[in-house]
Amino acid sequence: MNQSLNYLLRRLGFYFIAAWAALTLNFFIPRLMPGDPAAIIFARFRGKLKPEAINALRETFGLTDEPLLGQYWSYLKSILQGDLGISIAYFPEPVTNIISSALLWTIFLAGFSLIISFSLGTLLGTIIAWKRSGKLDSTLPPVLAFVGAFPYFWLAMVALYIFGFELSWFPLGHAYGDDVTPGFNMPFILSALYHAALPALTMILVSLGGWMLSMRNIMITTLGTDYISFAHAKGLSSRLIMLRYAARNAILPNFTGFGMALGFVLSGALLTEIIFSYPGQGYLLLQAVRAQDFPLMQGLFMTITFAVLAANWMVDIAVLFFDPRTRK
Amino acid sequence: MDNNQDSIFTRWIIGILRNRKAITGVVIIFLFIFLAALGPFITQDPTAFLSTPLSPPSWEHWLGTNGQGQDVLAQTISGARQTLLVGFTTGIMVVLIGALIGGISGYYSGRIDDFLSLLINVFLVMPGLPLMVILASWLPPGPATLTGVLVLTGWAWNARVIRSQMMTFRSRDFVSAAIVSGEHNIRIIVLEIMPRMLSLLASSFIGASIYAIGAQVGLEFLGLGDVSTVTWGTNLYWASNDMALLTGSWWNFVPTGLSIAIVSFALTLINFGIDEVTNPRLIAERVWREKIPIDTVVNGITPVVKDHE
């Protein structure tokens, strides 16, 4: 048990290093750009910003006359205090407020679709690896590989066009209807689920193939090992061998892949949110890009990075739970 | 030695050309490159105002016009140019950087490896899109910015794969022999090991190109490319800006999206092909399939094939 605690702490240390690297990148990117960041910002917003906004910007980026190291320290201090600066697009709202109000929607939408597509993909991968050369195995991978070749957001556009616009089965955007009041009541929950259904379905459809194929490949390797042949020789039932013997082992590398792929899948989820005008992080990202709202963009980068790191740590804990070998 | 090496490569190339998946992919890719290169000579001017905006497909404009009254077919064909160029350039650079950092990290163990693999893992775990957005929004828009941003956020995966491959080669006898015979480390990496990784490098290049095309289109769709140029990403950006979706003009976004998907799928097919030709496990499987009817291969039980006539 001691060793597994050790392992988790080591991973935690890695995530702290990664978070620090992201913070540092976030600080240096504006400063490493050709030209003076302050000059770039002021030139882009000439005449469009109130003097208070310009001062807020200067403060956000710590663009003072202090030496670089001093700026860096005050930047780290303010981030640790949860201060991500003031948004330009939603001036004078602090970035932290804007992001936190949109964070729940992203976690709800992206989290649910991720978990569903991971579980479903893994299950399908297990089955098609088991019934190899069957009908499912020869049709499903190429079809899903083709679907996976489309950009997430483009498939979302098509889905919105067909099911939202032409057939009117689903709403054209937003997270819940105008006729419900947000809160813990049935109409609101149903409305939220109804609005999340189509974006979630497109995300699941695109990412399903990846999970399925990787599970299939690991599963095939696992099926070739001796202990599976031995289980066959003992006369155990197929279902038992498939699920408890092969899949239970084959899923472990897939878990690690889950953590790795999180950032990538999330990027697709952000673009999908934009298509569906879903009020999550992706939608904010678009607003930030449109308005050249640098503090908001950088705040989003920080929040999303922290979320991914936290999720990765949870995956580490899950692996520890599922794989007795790491617990020794 | 060299002779033997050559014959392996020739065998691979012949194998890939004979492989149905791979050759389909290769043909599709060359078709797109060919169209992209010939584009300006065979289509109407993609940036000219030619007809009523958002008019549906007709004889004059096979794929209709977009919100700016430009010909969608011409835009799709000439959009391939920059998109494929940036995609493949990024692919090459990602593989070069991956081979350099992953190769060094896997070859030298110890502190160098600790540091480099930490660097690789940090870049792997950082979410790509938001980082790309920040970088691209500070830099002047254009193909150079796109390439740079895509390389910076995409190199880590390849470096990781190449690193683990390098580690397995590092412990082989031929490397030890080269070290004992006094060959320089750089020479061993570049001339002894890298040629043996060629199939991995090739499939890394293809994988990186798929990633680059998708991510590039995503960034440009957000409006972070140079929106005055014609690329697949900006086509979709304008389609979404001009409300193509809400006016029901599907011809505005379907051709570009399909092209992206077909190119990515063709590249995936080539990768499957490379895998089938060079992966020993799959070669063995193909031998079985040729010798024994599929139905007799029972799960988990290794069929025995007498392969010597």
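Where a number appears in this text, it was derived from the coordinates with a stated rule and is not lab data. Treat the numbers as computed from the prediction; the structure is a model and nothing was measured. Here the Cβ is made from the backbone with ideal geometry for all residues, glycine too, and neighbour counts use every protein chain on show.
Miscellaneous remarks
- Helix B:111-125 vs. chain B, principal-axis angle (Cα, 0 to 90°, nearest 10): 30
- Inter-chain shielding of B:267-274 (mean C-beta neighbours from other protein chains, 10 Å cut-off): 2
- Exercise: per-residue mean of other protein chain Cβ atoms within 10 Å, B:151-159: 1
- Computed from phi, the 3J(HN,Hα) profile of segment A:294-309 under the Karplus parametrisation 6.51, -1.76, 1.60 (θ = phi - 60°) reads 4, x, 5, 4, 6, x, 5, 4, 5, 4, 5, 4, 4, 4, 5, 5 Hz, with x in place of Gly and Pro.
- Under 5 Å from the amide H of B:Gly67 lie the amide H atoms of B:Leu54, each residue being 5 or more positions distant or on a separate chain, with H modelled from the backbone and absent for Pro and chain starts.
- Shown here: the protein assembly as shown, whose C-alpha atoms stretch 83, 67, 60 Å along the first, second and third principal axes, sorted largest to smallest.
- Hz values of 3J(HN,Hα) by residue in segment A:4-19 - Karplus curve (6.51, -1.76, 1.60), Gly and Pro given as x: 6, 5, 4, 4, 4, 5, 5, 4, 4, x, 4, 5, 5, 4, 5, 5
- Contact order normalised by residue count of chain B, Cα under 8 Å, 6+ apart, percent: 25
- Per-residue 3J(HN,Hα) values for segment B:207-220, derived from phi via the Karplus relation 6.51 cos²θ - 1.76 cosθ + 1.60 with θ = phi - 60°, read x, 5, 5, 4, 4, 5, 5, x, 5, 4, 4, x, 5, 5 Hz in sequence order (x marks Gly and Pro).
- As a rough guide to protection, the peptides A:260-272, A:19-31, B:97-109 ranked by mean Cβ packing within 10 Å, highest first, stand as A:260-272, B:97-109, A:19-31.
- Between 0 and 90°, nearest 10: helix A:135-149 axis offset from chain A longest Cα axis: 10
- Put the Cα centre of segment B:44-109 next to the Cα centre of segment A:125-156 and the gap is 26 Å.
- When the Gaussian network model of chain B links Cα atoms closer than 10 Å, the mean-square fluctuations of B:Asn235, B:Asn19, B:Asn158 top out at B:Asn19.
- Cα gyration tensor of chain A - equivalent ellipsoid semi-axes, whole Å, descending: 42, 27, 17
- Close amide H pairs (under 5 Å, H built 1.01 Å from N) link A:Ile86 with A:Thr60, A:Val95, residues at least 5 positions away or on another chain.
- Nearest-ten-degree value, helix A:248-275 long axis tilted from longest Cα axis of chain A: 40
- The percentage of C-alpha pairs in segment A:103-159 whose separation is greater than 14 Å is 68%.
- The convex hull built on the alpha-carbon positions of segment B:4-296 has an orientation-averaged projected area of 20.2 nm².
- Protection-proxy order for peptides B:52-65, A:183-196, B:210-223, each taking the mean of Cβ atoms within 10 Å per residue, highest first: B:210-223, B:52-65, A:183-196
- Between segment A:3-26 and segment A:248-294, the C-alpha centres lie 21 angstrom from each other.
- Scattering profile of segment A:222-280 at q = 0.18, 0.25, 0.27 Å⁻¹ [log10 I(q)/I(0), Debye over alpha-carbon scatterers]: -0.68, -0.94, -1.00
- Within 10 Å of the Cβ of each residue in A:151-161, the mean number of Cβ atoms contributed by other protein chains is 6.
- For the listed peptides A:112-122, B:264-274, a ranking on the average number of other beta carbons within 10 Å per residue, highest first, reads B:264-274, A:112-122.
- Choice from B:Asp113, B:Asp226, B:Asp173 showing the highest fluctuation, given a GNM over chain B with Cα pairs closer than 10 Å: B:Asp173
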